[in-house]
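First up is the structure itself, then whatever we jot down about it.
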Amino acid sequence: MRYIEPHAHMVSRTTDDYERMVTSGCQAVIEPAFWAGFDRSSAQGFYDYLRQITEYEPRRAAKYLLPHYCWLCINPKESEDTVLADEVLSIIPEFIGKPNVLGIGEIGLNKNSKNELAVLEKHIQLAADHDQMVLVHTPHLEDKRKGTKLIVDALKNHPEIDPAKIIIDHVEEHTVGIVKDAGFWAGITLYPESKCTSARATDILEIYGTEQIWINSACDWGHSNPLAVPQTALHMRRRGHDQEFIDKILFKNPHDFLSQSPNFKAL
Ligand SMILES: [Zn+2]
């Protein structure tokens with residue numbers, strides 16, 4: 001079996017995780033910029049983090065023969081401080097030219113606040129100005145549906161960015177339709193305590209189809225499972241889905257989406 005892990009925060013994971021992912025068939029891992037489990041105290045902290053995911057982490061992954069790519073931003077959780085956000089936004093362009101960068105992300109909303117929305121708008125403009133793809137994080141639980149609608153509206157204000165180059169992640173049953181109807185890609189996150197289980201993810205695929213959608217583990221510093229994607233393939237097989245279905249969701253779809261970036265090397 002082959003798969004791509006299109007959303008993983010590997011800076012928080014161990015070398016054992018790299019080994020287990022590769023031996024489970026992982027062909028590439030993609031790391032969106034995100035919260036590190038604590039609020040960074042300055043733009044310098046982000047500068048070092050962006051160096052970590054563009055320079056150091058690809059080398060760590062390469063020791064396991066795993067191509068590593070990343071997305072750049074200040075995440076929605078820390079963008080409540082708009083002064084800090086502006087400072088971080090000003091340093092992102094110097095990293096856009098790095099060879100493992102695929103675009104701007106994971107931007108989006110956390111609490112759907114006015115400040116978060118203002119910083120989201122600036123990130124979308126940055127992506128448009130630099131002809132970058134976009135990966136979007138959507139809020140949790142009761143904020144998800146409203147936040148997803150706000151995000152879709154903000155993105156629609158930028159028709160210069162092809163919707164096929166935008167993925168809205170962490171969709172669930174009540175938001176996947178909003179995302180797909182607007183022409184964007186959708187990501188389903190498999191997470192042990194929140195977000196989707198393998199069963200719910202497979203339900204969504206059976207109901208909404210297999211086009212413009214991927215699954216990911218979003219494994220990070222919290223309780224999460226870096227093998228959630230290949231383990232979901234086992235669940236799909238138990239339901240009677242064939243190898244073609246599994247390969248499309250786990251490999252072909254992320255491969256097609258990510259290959260829109262010239263930096264993503266075809267596997
Ligand atoms: Zn994430």
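Where a number appears in this text, it was derived from the coordinates with a stated rule and is not lab data. The structure presented is a predicted model; accordingly, all values stated were derived computationally and were not measured. In this analysis, Cβ positions are derived from the backbone assuming ideal geometry, glycine residues included, and neighbour counts consider all displayed protein chains.
The figures follow:
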item: Among (1) without any contact (Cβ under 8 Å) to a residue 40 or more places away in the chain; (2) touching a Cys at 6+ places or on another chain (Cβ under 9 Å); (3) within 15 Å of the ligand (Cβ to nearest atom) - the single one P226 does not satisfy; result: (1)
item: In the stretch 142-180, residue farthest from the ligand (Cβ to nearest atom) [restricted to those that are out of contact with any helix residue (DSSP H, G or I) (no Cβ under 9 Å at 6 or more places or on another chain) and within 22 Å of L205 (Cβ to Cβ)]; result: K144
item: Inter-residue pairs, beta-carbon under 6 Å, first under 17 Å from T189 (Cα atoms) and in the stretch 130-142, second aromatic (F, W, Y) and surrounded by 15 or more Cβ atoms within 10 Å (Cβ to Cβ), 6+ apart; result: L135/W71
item: Residue list for the stretch 137-157, filter: closer than 16 Å to S113 by Cβ, crowded, with 16+ Cβ neighbours inside 10 Å and of a type in the set (A, V, I, L, M); result: L150, I151, A154
item: Exclusive hit being farther than 26 Å from T15 by Cα and loosely packed, with under 14 Cβ neighbours inside 10 Å, set E211, E172; result: E211
item: Residues located in the stretch 3-39, provided they are of a type outside the set (G, A, S), assigned to a loop (DSSP other than H, G, I, E, B) and within 11 Å of the ligand (Cβ to nearest atom); result: P6, H7, H9, F34, W35
